[in-house]
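The values are calculated or read from the model by the stated rules, or taken from the named source; none is laboratory data. Bear in mind that the values here come from a model prediction, so they are computed numbers and not experimental data. Neighbour counts are summed over all protein chains in view; Cβ atoms, including those assigned to glycine, are modelled from backbone coordinates with ideal geometry. Only protein heavy atoms, including side chains, enter the accessible area calculation; ligands, DNA and RNA are left aside. Shrake-Rupley method; radii C 1.70, N 1.55, O 1.52, S 1.80 Å.
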Amino acid sequence: MKDDSKCLIVDEAKTSFNAVHAETLVIKNTSEQSHEKCNSSGNLSTWESKASDPENNEDTFIHVKNPSSIKDKLEKAHVIKSYPFLLEQLLKEEQMLDSDRQELILKITESQQIKRATGYASILVFGLSGVGKSSTIKHFFNLKDEDLNSNDPEIPAIRESIIMYNDPEVDLKGMKFALVESPGIMNLGGLIKDALNLKAIESFYEIHPEAGKCFPNLIFVLISADDKRFDGPSSSFVKSLNCLKMLNLVDTVHPNVVVIITFAGHFARRTDAWTSKFENKRRVIQEIISDHLKIQAEVIALENNPDDEGFERNANNTELPNGELQPENLYNACEKVLQENNDYFGLYALKTVRNVKTKQVLSGLSIESEIFGAHEVQKHRDFLEKIASGQKVTNSNSQNTAGNDAFIRR
């Protein structure tokens, strides 16, 4: 914030936010006679007074009635420096900030404080080869094949598809919701292919201008209902979880994982048999996730070809044999995780994007696995050899705490 005429206005709460906040950030133009104004460097710890001409409504000032708590909130969130594009829209001088905009600002700051990106929400879709990552994305967001920047089996890569969305209610345009599809892990290409794929994923989160240094809002971990040997240290599923742990993308403080059992129609035809097999697999998966990722995770079933399996349609959903509606069950799991994490911006973005009928999808950052040399993936090969031998892997991210500046994957 180089121009000292564009500063935040912060006031005591006039409305509550989920009943857990003592104050709300209120950002608006003001014509008050007396203000507290930030200095030209944007340092919120330095204050000075200034009188303003009531007829001049061009300047925006900082006014704080409860400076200690709100100043700390802003300094922790780094709202001003992190996402000027978003704030430029939210702080339009010709508009008073209504309650919807106030709430959005607060959602952004809350999500920042748990190490989520500012104004950019994302889902990482992770799993073994052939588990239906692209199909799950298309099913959940009602997208077409041509919409996705999807993986070509011949050219493995981590690929980002960006859904652009607007929110007319707060006059906000050009927002991004990213769907990040990882290359398949533990594939038939062997250890060197897996090492290259791990390096590609790691590099994506090192260089990405918005997702870098932050946790994804959600991680979809996929496993097929056809996978019968998914327990034990030698299973491909457990090895893939160890790879995910190595990447330091799982937030153990505010868990961001949802497990999706794909090809759910393959469990059984009869309702009682289907329900029994699903519940048993869900229980075992939850135990595996707890053991290897040290978190609790929601586990849901999803069939991405419901018509082929004869599932009944119910509005925009289809009905699983146990009566659950899909993909509503996946949305409910995401909503629960985001709410429990206080990731209010992630939840806002997910709700908004899923309600957009005609989606504009752009290709984002892609990193092909084959671009790396052998010397660049040596640590990844060593790691894969370690887990292949059945050795227990500890969480390499010992300082995985949301808001801790030591959490950097670079």
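Among the residues of segment 83-128, write down those that are at pLDDT 60 or above, surrounded by 17 or more Cβ atoms within 10 Å (Cβ to Cβ) and among the hydroxyl-bearing types (Ser, Thr, Tyr).
Result: Thr109, Ser111, Thr118, Tyr120, Ser122.
Could you pull out the residue among Asn322, Asn342 that is open to solvent by 60 Å² or more (accessible area, probe 1.4 Å) and assigned to a loop (DSSP other than H, G, I, E, B)?
When all the criteria are applied, what remains is Asn342.
Which of the residues that make up segment 362-371 are buried (at least 17 other Cβ atoms within 10 Å of the Cβ) and either under 17 Å from Asn248 (Cα atoms) or of a type in the set (A, V, I, L, M, F, W, C) (or both)?
Those that are buried (at least 17 other Cβ atoms within 10 Å of the Cβ) and either under 17 Å from Asn248 (Cα atoms) or of a type in the set (A, V, I, L, M, F, W, C) (or both): Leu365, Ile367.
Every residue, every condition in (1) surrounded by 21 or more Cβ atoms within 10 Å (Cβ to Cβ); (2) in contact with a Cys (Cβ under 8 Å, 6 or more places away or on another chain); (3) part of a helix (DSSP H, G or I); (4) of a type outside the set (D, E, K, R), yes or no:
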| residue | (1), (2), (3), (4) |
| --- | --- |
| Leu249 | yes, no, no, yes |
| Val259 | yes, no, no, yes |
| Ala268 | no, no, no, yes |
| Trp274 | no, no, yes, yes |
| Ile300 | yes, no, no, yes |
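Of a type in the set (A, V, I, L, M, F, W, C) and surrounded by fewer than 21 Cβ atoms within 10 Å (Cβ to Cβ): does that describe Val253?
So Val253 fits the description; yes.
Yes/no per residue for (1) surrounded by fewer than 23 Cβ atoms within 10 Å (Cβ to Cβ); (2) at pLDDT 90 or above:
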residue: Pro168; (1), (2): yes, no
residue: Gly190; (1), (2): yes, no
residue: Asn197; (1), (2): no, yes
residue: Cys214; (1), (2): no, yes
residue: Asp226; (1), (2): yes, yes
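Residues of segment 228-241 being open to solvent by 10 Å² or more (accessible area, probe 1.4 Å), touching a residue at least 24 places away in the same chain (Cβ under 8 Å) and touching a helix residue (DSSP H, G or I) at 6+ places or on another chain (Cβ under 9 Å), which ones?
Phe230, Asp231, Pro233, Ser234, Lys239
Yes/no per residue for (1) over 21 Å from Leu365 (Cα atoms); (2) polar (S, T, N, Q):
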site	(1), (2)
Glu169	yes, no
Ile185	no, no
Ala200	no, no
Thr252	yes, yes
Val258	yes, no
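For the subset of segment 286-298 comprising residues that are touching a residue at least 12 places away in the same chain (Cβ under 8 Å) and part of a helix (DSSP H, G or I), which member is most open to solvent (accessible area, probe 1.4 Å)?
Out of the qualifying residues, it is Gln286.
Taking Arg283 as meeting all but one of (1) open to solvent by 10 Å² or more (accessible area, probe 1.4 Å); (2) over 26 Å from Leu196 (Cα atoms); (3) in a loop (DSSP other than H, G, I, E, B); (4) at pLDDT 95 or above, write down the number of the exception.
(3)
Can you say whether Gly323 is over 14 Å from Leu218 (Cβ atoms), touching a Gly at 6+ places or on another chain (Cβ under 9 Å) and of a type outside the set (Ser, Thr, Tyr), as far as the supplied structure shows?
No.
So how many residues does segment 143-170 have that are of a type outside the set (D, E, K, R) and in contact with a helix residue (DSSP H, G or I) (Cβ under 8 Å, 6 or more places away or on another chain)?
12
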